[in-house]
Amino acid sequence: MARASTRSQKAPAASQSQPRASQSQRAHRGRNEESDDDGEGGAGDYEADGDAGEMAVDEGETEIKRKANDLVRLALFTEHKRTPLRREEISKKVLGPSTRAFNRVFDRAQDILQKTFGMELAELPTRAGLDADTNTVEDELNEARKATGMKKKAAATGSKTYILRSVLHPAIIEYAALTDEQILEEEAADVPSDDDNDDDDYTPQYYGSIISWSSADQLSSIGVLYTILALILVNGRVISDSELRAHLKRLGLPPNGLLPLSQSSTHKTITLEAYLATLIRQGYIDRQQVGDNKAGGKGAKRGRVPTHADDDSGATYEWRWGTRAGSEIGEKAVAKFVAEFMVGDAAGDEDDEEEGGSRRGRERREGAEEKLVRMMKGIERAAGGQLAEIK
Amino acid sequence: MVSSDDVQRLFLQAILSRGILSGKLAQTLWEKCVQAVKAAEPDISVPYSQTKDAWDAFVVKVNKSIDNLDLEFRHLHDETTGREMYALVNRKGDEIAQMATDYTPAEIAYFKAIIELIMLAPRESFSVSSFAALREVSAIKPKTNMSKTQAENVLGSFVAKGWLLRSKRGRYSLATRALLELGPYLKSTYPDEIVECTICMEIMTHGVACHTNNCKVRMHFHCFTTYRRRHKACPTCRADWPESANEKPLVPVGEAAVKDGEDAKHSGREKSAEDSDEEDEAPMDESQGTQPRTQRSQRTRKTKVNVDESMDMDDDDEEEPVKKEKKSSQPSRRSSRK
Ligand SMILES: [Zn+2]
Ligand SMILES: [Zn+2]
């Protein structure tokens, strides 16, 4: 379902992150599970925090609550498709005619998301915001960038599109992305050992982390996404269309090439062009005409340009990370993923398909750690600066 | 601020990021979530113990938190391995809404059609040959231009995502995820076909049936094994049972109900070579004499198939003559199309 993996978040907007007054008490109550039977942090007991009496008489309140629950469901399901949730969609599918209630429903949904899942709907920055960001603080990458990112988000340059991401403590998020031996073992044991493994070319990839996209993602193509993001990253965070294509070609992906999709996809392959178009639509990468990246007003035009290589009119294009990539994945995660991807590849990914998941899991781990570390350092060097955390 | 509630929040995130997982993995994840929270805030007090009771209490707590969202962290024993499997299930709507995020309407229609073939399969075999599954593409409504090659990919995706099982013989049946998440849909759409395990009362599509005429006892393999350790006879009719669920005279439920080469033996020339090769659906009721499955005789097609539209699609349906003969006694879905 929803995807909240590597996303983290430094300082959620005040309205969403305020620890509820009762939270610390809850921590104490939590010691004794028996005494907890009134539930806590759940979608249902939002009201328990104070305005319960009011709610009983307020019919509109019940409606808001119901719609907020619907919005949470919509957010979870939409996230699974990896498409950003647009405000119009919320209005259409959740609010119905009473669109005026948007803010109340939205705030309530945020509260449920946070209390129940430790997640929030984060509004993606507009391209204009991002560009201004990169242009002004290009050199003081890390800290300044983060700070500016926050400021932009708080400013009224909203894109009215949202993604789900984790608002748990950064240390928890980091821990949840670590590889754990025990999880890896259980995951390997979980791989269905049906009697039909012989002619099946589907082998899920596991990472042994608490949060795992192995089963949700169509990994072979996600690998390409991370590769593209990495190419842009190591190229100084922007890459010309011709350069990107040349790199991809060298990696065995010509413009008319086909990308293999995993068994969990309903298609065996997708063309590179179609894949790039999908990534643009999902907000992972962005393609702009050169010299067209300053004014936010031109954003609309960008959406329509074909993804084909520099077109007949002689215009040249360049690629950057899309808003979603920065908000959801982050540069560090891309570097890590690509490092893992390459180490895994070297271990002979394609050939050990028929071996059990456990053996595969073990193989992945052996010697991989060291390679990973080296690979990460190399990527960081190539990026020309410290890798940015999630914005 | 880190709170002990972050354990269940992180746990839900972990579950959201996975499709279906074993109880063992789920419990490991819980433990790791506790560790993650403690890593972030060493002084925090988090209730945790490895006992079954503690785990069950945690699941109750998790479910309480998502109850208003019509979501449920539900578990079921895998019918083939007996392993306890968990998934986050969408309780709302009796439709196959869960799949809507992953598949196109045509693919969902196809999935429903496959489910129908599985649920209406003769003699509680709850499975469909790949040949019949692929042929079903032409019956999807609204009509789709999905090719058989494409349909093969789609079926592969259903298997990879844990909705369907594909056996060595190439037959498709319902996987645990489908039983977990689509239980209400199956029960409301196929009330007459649903078989429940006598022991655990859960829906059953793989298992064993008592051989006595009209005895309704059905058991999952793992439920049979547990039961058989203490009892030698059927709980209802007291008939003696062999030690193993696979032994005669017990009757298999699921794919094993369709025997290798059985098609050719029973239906003679009517089967095309192609069909028997692919172990296509066996005729409806040849062996009913030994297996009283009375409730299955009322089998009717639940999903409407446009008769006109299917007319021109089944030209190559060579088993039609067989089915037609049986039409009067048992309206099979195939014959009802003509
Ligand atoms: Zn049972
Ligand atoms: Zn009996």
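General remarks:
- Calculated FRET efficiency for the pair A:Val373/B:Met201, C-beta based, R₀ 45 Å, to 0.05: 0.30
- Shielding by other protein chains, B:44-54, mean Cβ within 10 Å: 2
- Flagged links, alpha-carbon separation over 19 Å, of A:Lys65/B:Lys61; A:Lys67/B:Lys92; A:Lys160/A:Lys336; B:Lys232/B:Lys259; A:Lys115/B:Lys161: A:Lys65/B:Lys61; A:Lys160/A:Lys336; B:Lys232/B:Lys259; A:Lys115/B:Lys161
- Inter-chain Cβ neighbour average for residues B:17-29, partner chain, 10 Å: 6
- Sorting B:28-36, B:148-156 by average packing, meaning the other beta carbons within 10 Å per residue, from highest down gives B:28-36, B:148-156.
- Annotation: extensible slack from B:Lys259 through B:Glu84 equals 60.1 nm (criterion: 0.36 nm per residue apart, minus Cα-Cα distance).
Read-outs: derived from the displayed coordinates by stated rules, not from any lab. Predicted, not measured: the structure shown is a model, and the values here were computed from it. Please note: Cβ atoms are built from the backbone with ideal geometry, for glycine as well, and neighbour counts cover all protein chains shown.
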